Structure formats: C-alpha cells, structure tokens
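The values are calculated or read from the model by the stated rules, or taken from the named source; none is laboratory data. Here the structure is a predicted model, which is why all the values come from computation and not from measurement. Counting neighbours? That spans all protein chains shown, and the Cβs are built from the backbone with ideal geometry, glycine included.
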Amino acid sequence: MPSVLIPGQRRDAAGRSMISIADEEQVERRSAPILRPIETRSISLLTIGHATVDLCQGLVPAMVSYLVLRENYTYFMSASLVFATAAMSSIVQPVFGQMADRLKLHWLLPASVLLAGIPLGIGAQSPSYGLLLFALALSGFGIAAFHPEAARQAHLAAGDYRTTAMSYFSLGGSIGFAMAPALGWWLLESNGRLGMLWVMLPAAIVAVLLARQFSMSASPSRQRPQVAIAPAKDDWYGFGVLTISVVARSIVFFAINTFLALYWRQRWAAAGNSASAESFDLNVILSSGTTILSVFLGAGIGGTILGGWFADRFSRRATLITGFGLSMLTFPLMVWSPSMELGAAMVALTAVLFFAPASPAVVLGQEYLPNRVGMASGVTIGLAVSVGGMIVPLLGWLGDVYGLGVVFLLMEVMLGFCLISSVALPNPHFSTRLVKT
C-alpha cells in the first residue's frame, strides 16, 4: 500500500516520503522537555518577605551607630546587640532547616516575619540593656525561622531557572539591608527609640500577604507532576568547603555593616575638618558615614543581580572565585583611600564584587545537598551568615583596643579565606536531569 503523504512532506525518486531538516528540528523541539518557568508571584512575595526580614536584621547595626553616638554605648556593648540577634539565629537555624525538609511549614513564613519585626519595635523602647538584648534575640529567632523555609519555597518555585530565581530571592535581602542604615537613622533621629515602632507595620502587612499566598495553598512542587528530579548523592565535602567560604564572607559583611559608618566618620572627620574644627558639624559627618554604608549595600543590589547573570553564563564556582579575588584588590582602596571621593567609588565597586557570589553560593549549597535543600539553605543563608554576627563583639573589642583600622585589616585576611576555599570547591555531583513520571 502506498504511503500517505503528510502535508509539508516531500517524496524522493522512489516515492518515499522525506522529512526536511526544518521538520526534524521541529520534531526535536516538540520531543524535548519543556523548561518550567519561574512562578513569578511566589518568588515576588518571597523576595518581599526576605527584604522585610533582612531590614529588621539590618536595623540593628543602624541602632548600634545611634547608641554609640547618642547614648555613649561602647563598641563592645553595641556589638553585643548584633550578637544577640545572630546568636539566636545560629542556634535554631539548622533545626528549622531540618524541619523544612520533612514537614509542611507554610505557616512559618508569615509567623517568622511577625516575630522578626514586633520584638525589634517593642524591645527598642526598653531602658534596660538586658531586656533589649532579649528582644533582639527573639527577633533573631524569627529571622532564623524565615530563611530555610523561604529558600526551600523559592527552590520549588524556581522551575528550571534556579540561579536566576535565587538571585531575585537574594536581591530581597540585599534591598532590606540597603534600606536599613538610612531608614534606621532617620527613624531614630526623628523620633528617638519610638521610631523603631514603625518597623512593625511592614512586618504585619507582609505577613498577611505571605499567609494568603502560602499558608492556604499547596506546595509548588505538587503543581508539576509531569517532571521530577533524579535522585543524587549528597556531597558533604563540597558543602563543608562552601560553608567555610560563606562563614568567612559573613564575618566580612557584618564587620562592614557594623563598623563602616563609624570608621568613615572617624577617618574623614580627622582628615577633612582638622583645619576648621570650630565649624565641625557632627551631623554632616555622621550623615556621610550612614550614606556610605547605604552606598555599599545599594551597590550590593547590583552585585547580586550581576552574580546571578554571571553564574548562568559561566559557572557558580567561577562567580565565587572572580568576586572574592577582585574584592581582595579593591577592599584596601576602599578602607585606606587617600581621598573621600576615591574611597566612595571603591566602596561601590567592592560591594558589587563582594555581593556577586551571594546567590550562586546558595544554589551551590542546594546542589551539593540535593536531598536536603532546606538544611542546605538554612546553613548557607542562615547559620553561616549568623556566625559572622556572633564574631562582631570580638571585632568590637579589637576596635576598642586597637582601632577599627586593625579590624578592617583582619577583614582583608578573611577575604583571602573566601578566595582559597572557593578555589578548593569541587564541581557538584548533582546535575538537573528531567525524568518521566
């Protein structure tokens, strides 16, 4: 029986049907697995939630600057406030990571945002140093509860664009931290400690939005029955090396976030106003310090986006090596620049390079531990980051005794640890492979 000619097909000399190259490419495209898109609404709300939680965490160093300059706190006392938030976050972060991998914790997202904001606003009103420490520890508990489950939900909502989605999620944290110095100082200068009550308003609004999106809905993973990820072996060695890099980066970040504004004020108050001490305006210099920290954190937003773009086109490991390697070159110019203008430019450039490895590091952690995504996220976003906050009191003591210049010299050494551990990272054994279900 003669073969049936399908529209668009041609026949050879023997009458057999032929398929053109264009037809073959069309068949290949139809048979190839369709890439799953990013769930935009879920990622957007998770990004907003991340911004709110990290705003709460970033307001603590902003409050530190205020307490040092207005209420005569020592560096050690003020750094201990950062420690209170970070210590509680470090203790419970792995627990929440394990829970996120095994239980349905959608309700934890709105609850953790409330817990991050309300104790911060109310505790700031306390005249007791001990009660303030306790309130900030509760806020740290909320911060710890948010990150593992939020990162797991971001992983599920990322489709097949994990690095891009995680860069958006990390962007929220960068925005929150970037807003904190200027916003915190404005609230405190305008209203004193009462100004911190305003932080409870965005926390409440975002908690309601997250509750509507996640608490009453099914997990995003249940909406994709057509594909699954093939099982893979956890690479604990690679994850351990990555953790060293993330911990070292965290120490540098908290040192900059806590002490850069104070160092900037001290350095340029002495250099720029020595000839006109009578006209010295503390508020102008203080504003310069607060502004320069906002420049650092604001430029970090661009670095977060750039890091995701770079990792998608090259590799996550290359992004870490490049970011940390170039940061080591620009960091000394940022701290010991001969002019304020050059120093400000180096602050922005260092921030871009320093923040670029952030989201690729989170995705690398998930690839090293593909069977423990929640725990991996809890460590790379939470525990390892919080360790930096726990080191801050020691850095504050060093600043009291030897000066902040010594603290920043030590941070250059920490950047070296970041680079060395990034070079030592193995390639992940895990790779995405779609299989039929």
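Summary of computed values
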| read-out | value |
| --- | --- |
| Scan of the range 399-416 for residues that are farther than 14 Å from W336 by Cα and buried (at least 19 other Cβ atoms within 10 Å of the Cβ), ordered by number | G399, M414, L415 |
| Verdict on E149 being acidic (D, E) and surrounded by 20 or more Cβ atoms within 10 Å (Cβ to Cβ) | yes |
| Residue match in the range 304-318 (condition: hydroxyl-bearing (S, T, Y), closer than 26 Å to L410 by Cβ and within 18 Å of the chain's Cα centre (by Cα)) | yes |
| Selection from the range 287-319 of residues that are among the basic types (K, R) and free of Cβ contacts under 8 Å to residues at least 40 places away in the same chain | R313 |
| Answer residue from the range 400-426, given it is small (G, A, S) and within 21 Å of the chain's Cα centre (by Cα) and is nearest to S327 (Cα to Cα) among those | G416 |
| Residues being of a type in the set (D, E), in contact (Cβ under 8 Å) with a residue 40 or more places away in the chain and not in a helix (DSSP H, G or I) - total across the range 34-87 | 1 |
| Of the criteria (1) closer than 13 Å to F296 by Cα; (2) modelled with pLDDT under 90, which one V347 fails | (2) |
| Sole exception among (1) under 20 Å from the mean Cα position of the chain (by Cα); (2) at pLDDT below 90 for V53, by number | (2) |
| Breaking point among (1) in contact with a Leu (Cβ under 8 Å, 6 or more places away or on another chain); (2) in contact (Cβ under 8 Å) with a residue 60 or more places away in the chain, for D400 | (1) |
| Set G121, G130, G140, G159: member being surrounded by fewer than 22 Cβ atoms within 10 Å (Cβ to Cβ), in a helix (DSSP H, G or I), out of contact with any strand residue (DSSP E or B) (no Cβ under 8 Å at 6 or more places or on another chain) and small (G, A, S) | G130 |
| Matching residues, the range 365-392, being more than 11 Å from the chain's Cα centre (by Cα), under 18 Å from A150 (Cβ atoms), in a helix (DSSP H, G or I) and not polar (S, T, N, Q) | G365, V373, G374, M375, A376, G378, V379, L383, A384 |
| Residue identified as within 11 Å of L306 (Cα to Cα), surrounded by 16 or more Cβ atoms within 10 Å (Cβ to Cβ) and in contact (Cβ under 8 Å) with a residue 40 or more places away in the chain among A356, A348 | A356 |
| Given (1) within 22 Å of the chain's Cα centre (by Cα); (2) within 19 Å of S250 (Cβ to Cβ), number of the condition M346 does not satisfy | (2) |
| Test set (1) at pLDDT below 80; (2) among the hydrophobic types (A, V, I, L, M, F, W, C); (3) within 18 Å of L59 (Cα to Cα) - W185 fails condition number | (1) |
| Residue in the range 162-173 that is part of a helix (DSSP H, G or I) and either under 22 Å from F83 (Cα atoms) or among the acidic types (D, E) (or both) present | yes |
| Pairs, first more than 25 Å from A51 (Cβ to Cβ) and polar (S, T, N, Q) in the range 122-146, second modelled with pLDDT of 90 or more and crowded, with 24+ Cβ neighbours inside 10 Å, C-beta under 9 Å, six or more apart | none |
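To keep it simple, each residue is scored yes or no on (1) part of a helix (DSSP H, G or I); (2) crowded, with 17+ Cβ neighbours inside 10 Å; (3) modelled with pLDDT of 90 or more.
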| site | (1), (2), (3) |
| --- | --- |
| W198 | yes, no, yes |
| A203 | yes, yes, yes |
| V206 | yes, yes, yes |
| R222 | yes, no, no |
